[in-house]
Each structure stands twice: as C-alpha cells, then as structure tokens.
Amino acid sequence: MEQPAFLPSTLWVLPFAALLLGIAVIPLAAPHFWESNARKLVVSAVLGVPVLMLYAVHAPFAIAHTAADYLSFMVLLGSLFVISGGVLIEGDLVATPTVNTAFLAGGALLASFIGTTGASMLLIRPLLETNSERRSAVHTVVFFIFLVSNIGGCLTPLGDPPLFLGYLQGVPFTWTFRLAPAWLFTSGVLLGIYFVWDTVMHQSEPAPWVRADRTHVVPLSLRGAENLVLLGGIVAAAAFLGSPWREATMVALTIISFRRTPKAVHAANRFSFHPIVEVAVIFLGIFATMIPALDLLRVRGAELRIHEPWQFFWATGVLSSFLDNAPTYLTFLALAQGRGLAPEVVQVPHAILAAISLGAVFMGANSYIGNGPNFMVRSIAEGRGVRMPSFGGYMLYSGCVLLPVFSLVTWVFF
C-alpha cells in the first residue's frame, strides 16, 4: 500500500470531527443561521483552510488529488441533479403503504443503473407529491434515503461512486452482480419493515386526510423524456470515459439539458440549485478536513487488526458513514491488498471485496453525510414542507433500523 509522503499529528483530525459536530449541532442550536448556504461555506472554510494550509506546505500534491476527487464528485452529482430535474413525473397516486413500498422498491432497482443520485432526484418529487395529503411522511423520506439513495446502488459499478472506483481499479464490470443476493436480502428486509411501519402510520391518519388522498388522484405521466437520453449519456460517460473527458462530457450534457428543458417543467418540479449548492459547500469542508483522517488510516490502518470479511464490512461501513465512502473504499481495498490474502480479484479474496463493497455502499445510509444524495433528498423534502429529522435525529432512525439489519446481513453473509 502506497504510504503518504507526509503524515500529520492525530490532532489534525479535530477539524474533521468539529465539522461533523457542527453539522449535527448547529441546525438545532441556530437553525436560522444554518439555513444560509453562504454560512455553511464559512463554517467549511474556517475548518478546512487550516488543513489546506498545512498540506500546501508539506504535501501540495495531496491537495491537488483531493481537489480532483472533489471536482469529479460534484460534476457527477451536479449533472445527475440538473438533468433529472428536467424530467417531470407528474401525478398524485393514493399514498397507500402498497404504493409507497412500490416506489421504494422501484427506486432501489433503478439506482443501480442510473446511480443513486439520478434515481433519488428522479423519484423523490413524485413520491413527495403522492404523499402530500399524508400527515406522516418523514419515515417515507428516511426509508427512501436508506433504499434509493444508498443500498439500491450496489448491483453495477454505475450505482455508487465506490463501485465505480473499484471498476477503475480493475474489478470486472459484472463482478458486482455477485452482490445481488445481499442487495435482495437487505432491500427485502427493509421494504418489509417499511410496509409494516407505513401501514401503522396510515391507519392513524385523520379520516379527512385519507378521504382527500383518495379523491385527489392524478395518473402518472412523464414530461422531459429527452432528458432520460441525456441521463444515459451521463452513465455512458462514467462507464467508458476517463478524466478529464468524462467530466467535460457531463458538463456539456448538463448545459444542454438545462437550456432545453422548458421553464414550466423546472417550475413544476420546484427545481432550484439550493440542494446541490448545499451539498457542494458542505462536502467542500468534508473533503478538505478528511485528508489527515484518511492519511492516518492508510498508515495506521493495520493497527486495527482487520482480517475477516465481517471486520472489513463493519470497518469500511462505519467510516463510510462519516467519511466519503469512495476514498474509504479505496483505502480498505489497499489495506486488504497488503495482507497477502488469496488473489481472487484485484489481489483480494471475493469475500473480502464483497465486504468492503457492501460496507461502503450500505452504510453510507447511516448519516446524512454518508453519501451525496442524502443531503439533497433532505433539502428537497424540507422545501416541500416535510420536517426532516436533524443530523442526530436521522441517526436515531438509522441506529434503530439499519444497524440491526446490517447485523443480520453480517450473520447471513459473512
């Protein structure tokens, strides 16, 4: 495993920890302050600039590498966000547990083929519209983040950035199909939990709200279908082009989409750049402050004494909950490659690579910052009047629901 040329003191992890704490606490302590993306940028800068100054002196190439990763990350998320915002799925179905569960199941499948970001941006708006007559919608959005924004993206390298990076590292494109049993099992368990939960919540809805939901029904229809072709172009660029042509192609397709999409479609989608700007400024701070944390992990990761698949699953997953899951995936892949284990695929056993892959993809759902689409879905839902839980409140959901399910996944598969 390649060692970083410069290794900072462990104290330099504090800016990253402070940023995570700020994301969790500031919205509760000063909600008006946190509404502004400009103020979020100030927080990211205050904590990130000292780290960048340190690395500018000792390892400037690390800044360049991180900047390139951040740019690729944001270009992919931004292009999927803008182009999917030009696809309007109109309609208002009856928000029964069966309909909502079907939304989540379809999104979990779609995520593997147009990415978790694309599927999230395409489906969150019609799901919110369908549930607009429901008083209880928070749990639906939370499970949407679980299934569509994260867990659904493990069947192909196009589904989630860690798997795409694995493909670039030499993992065969079809290898991720090996993850299908774990995807089916985990998705099935979560859909079952959601169906029971939503059934209970639906039965507690006030009678006038239920009648309004049943009487206000509009069949689903599609506008902006040409943007689906452009989404296909984004997927193709991610699969077959290298940098910088990949990013240039994505930017070009995004510009075409934004200029050609009728304003009426954007208006009906309530499209705005606020969610993607929020992701950009928060992850700017995350990418900057996590450099020391990742370097320390690469050098001292062996001290973690991780050998078994279940250990790789949880170690990768826990860190992917708070660090960006793409570099975390690469770090643990490099750690596994340095163990001298059976070289079945990219110099590691199949079981170890499966554990790293599932940990990175699945546990990105554990917090709002575990995966890029999480924050965007939260922001869009709040823009539609859904009072989403705070950072800590969301983790209460994930702790009560996801951690027991992931424990079951460990017992069944690892």
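The values are calculated or read from the model by the stated rules, or taken from the named source; none is laboratory data. None of the values given here were measured: they were computed from a predicted structure. Cβ sites come from the backbone with ideal geometry, for glycine too, and all protein chains shown count toward neighbours. To get the accessible areas, we keep the full protein, side chains included, count just its heavy atoms, and leave off ligands, DNA and RNA. Shrake-Rupley method; radii C 1.70, N 1.55, O 1.52, S 1.80 Å.
Counting heavy atoms of the protein chains alone, I193 has an accessible area of about 60 Å² for a 1.4 Å probe.
Using a probe radius of 1.4 Å on heavy atoms only, what accessible surface per residue do you get for the stretch 293-414? Whole Å² is fine. Walk me through the numbers on the way to the answer.
On the way: 4250 Å² over 122 residues.
I get 35 Å² per residue for the stretch 293-414.
Overall shape of the stretch 354-401 was characterised from the C-alpha gyration tensor. The equivalent ellipsoid obtained from it has semi-axes of 22, 13, 7 Å, in decreasing order. Element breakdown for the stretch 127-191 at a 1.4 angstrom probe: carbon and sulfur atoms account for 65% of the accessible area. Across P262, P15, P275, mean-square fluctuation computed from a Gaussian network of the chain (C-alpha pairs under 10 Å connected) peaks at P262.
Within the listed set P181, P373, P208, the Gaussian network model of the chain (springs between alpha-carbon atoms below 10 Å) gives the highest mean-square fluctuation for P208. Accessible surface computed residue by residue for the stretch 48-117, with neighbouring protein chains in place and a 1.4 Å probe, gives 35 Å² per residue. Applying a DSSP loop filter and a limit of 15 other Cβ atoms within 10 Å to the chymotrypsin sites (Phe, Trp or Tyr not before Pro) in the stretch 253-297 leaves F273. By the equivalent-ellipsoid construction on the alpha carbon gyration tensor, the stretch 315-404 comes out with semi-axes of 32, 12, 9 Å, ordered largest to smallest.
Across the chain, the volume of the C-alpha convex hull divided among the residues equals 133 Å³ per residue.
In what sequence, largest accessible area first, do M74, M363, M395 appear using a 1.4 Å probe?
M395, M74, M363
Surface composition of the stretch 334-394: carbon plus sulfur atoms contribute 49% of the solvent-accessible area (1.4 Å probe, protein chains only, all chains present). With kT/(6 pi eta Rh) evaluated at 4 °C and eta = 1.567 mPa s, and Rh the Kirkwood radius from Cα pairs, the stretch 118-231 diffuses with a coefficient of 78 µm²/s according to Stokes-Einstein. Taking every Cα-Cα distance in the stretch 1-111 and sorting them into 5 Å bins starting at zero, the pair-distance distribution P(r) comes out as 2, 8, 10, 14, 14, 13, 14, 11, 7, 4, 3, 1 percent.
Summarised in one figure, the compactness ratio Rg/Rh of the stretch 321-362, Cα atoms and Kirkwood Rh, is 0.98. What a 1.4 Å probe finds exposed on the stretch 240-310 is 64% carbon and sulfur by accessible area, rounded to a whole percent. When Rg and Dmax are taken over the Cα atoms of the stretch 225-267, they come to 11.3, 35 Å. Extension gain, A102 to V277, is 60.0 nm, computed as 0.36 nm per intervening residue step minus the present C-alpha separation.
Solvent-accessible area per residue in the stretch 170-212 equals 53 Å², computed with a 1.4 angstrom probe and all protein chains kept.
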